[in-house]
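To start, the structure itself, in structure tokens.
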Amino acid sequence: MSYSNQYKDVEDIIDTLLVLDTFCAAKNIHVEFVVVGASGILLFIEMMSKEMVYRPTRDIDIRVTDGVVTTELKDALQEYEIEIVEGVIQFPPREDFQEVGFRHKIEGLFEAIDVYIPDIELLACTKIFSSRQKDLEDLENTNLLKLCDKNKLLELVEEYKSNMTWNDPFCNVHDLSRIFQEKGI
């Protein structure tokens, strides 16, 4: 499998995760993680049978929720273009990605890894609490926010805003009301 291409669909993402699972099984490594970013959104859309197209992505972003990330595992993740985004995502906090009610396990495919997909509201919050232009464009140019339960999303946004310890005028959270209005949400 060639890894320097775009993940256009769920099958490509699952194929890469299966390669990682085979590696982990051979090395007796067990790790649990949630898939976030565009790959998490693509998996959520498929898992929940939603009718929506979302952009391709160049990598698979994850947040490790249990297990030890050894040097050997880090090297494998890098080779398979799976990126741990621990320092990049401030909100939602790791604990929310561990909440049973906020994530869905991919069952029956993996032996050594436990793969979860967060609720769409958590995935949207990773974009909302970012300052990256690409994340703002995702909020503006896709139907991501329309997939969300608006009340649930706004409840999370208010909770995270109250816990923000920085004042970033470029944080996408400041554009959320405008985007809702423009999208008629």
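The values are calculated or read from the model by the stated rules, or taken from the named source; none is laboratory data. Not measured: the values here are computed from a predicted model. In this analysis, Cβ positions are derived from the backbone assuming ideal geometry, glycine residues included, and neighbour counts consider all displayed protein chains. Surface areas here come from the heavy atoms of the whole protein model, side chains and all, with no ligands, DNA or RNA. Shrake-Rupley method; radii C 1.70, N 1.55, O 1.52, S 1.80 Å.
Kindly sort 22, 70, 126 by accessible area of their heavy atoms, largest first, with the probe set to 1.4 Å.
Working: 22 95, 70 55, 126 20 Å².
Order by accessible area, largest first: 22, 70, 126.
Test of understanding: in a Gaussian network model of the chain with alpha carbons linked when under 10 Å, which of 108, 37, 67 would top the mean-square fluctuation ranking?
Per the Cα network of the chain with a 10 Å cutoff, 108 tops the list.
Mind listing the long-range amide H neighbours of residue 83? Cut-off is under 5 Å, sequence gap 5 or more, other chains count too, H placed in the peptide plane at 1.01 Å from N.
60, 61, 62
Counting pairs of alpha carbon atoms under 8 Å apart in space and at least six apart in sequence, what relative contact order in percent does segment 65-177 give?
Averaging sequence separation for qualifying contacts and normalising by length gives 23 percent for segment 65-177.
Heavy atoms only, probe 1.4 angstrom, no DNA, RNA or ligands counted: give me 149, 138 ranked by accessible area, highest first.
Most to least solvent-accessible, the answer reads 149, 138.
With a 1.4 Å probe and every protein chain left in place, tell me how much accessible area residue 97 has, in Å² to the nearest 10.
0 Å²
Roughly what % of Cα-Cα distances in segment 121-165 sit above 11 Å, to the whole percent? Walk me through the numbers before you get to the answer.
Numbers: 644 of 990 pairs.
So the pairs more than 11 Å apart make up 65 percent of the total in segment 121-165.
Give me, ordered by chain and number, the residues 5 or more places off residue 65 or on other chains with an amide H under 5 Å from its own placed amide H.
Excluding prolines and chain starts, which carry no amide H, the hits are 32, 33, 34.
Give me the compactness ratio for segment 20-147, meaning the Cα radius of gyration over 2.2 N^0.38 Å.
Dividing the Cα radius of gyration by 2.2 N^0.38 Å gives 1.03.
Give me the distance in nm between label points sitting 7 Å out from Cα along the Cα-to-Cβ direction at residue 18 and residue 94, one decimal.
Going from the residue 18 label point to the residue 94 one covers 3.1 nm.
Using the Cα centre of segment 117-185 as the reference point, and only Cβ charges (+1 on K/R, -1 on D/E), how large is the resulting charge dipole? Debye, rounded to the nearest 20.
100 debye
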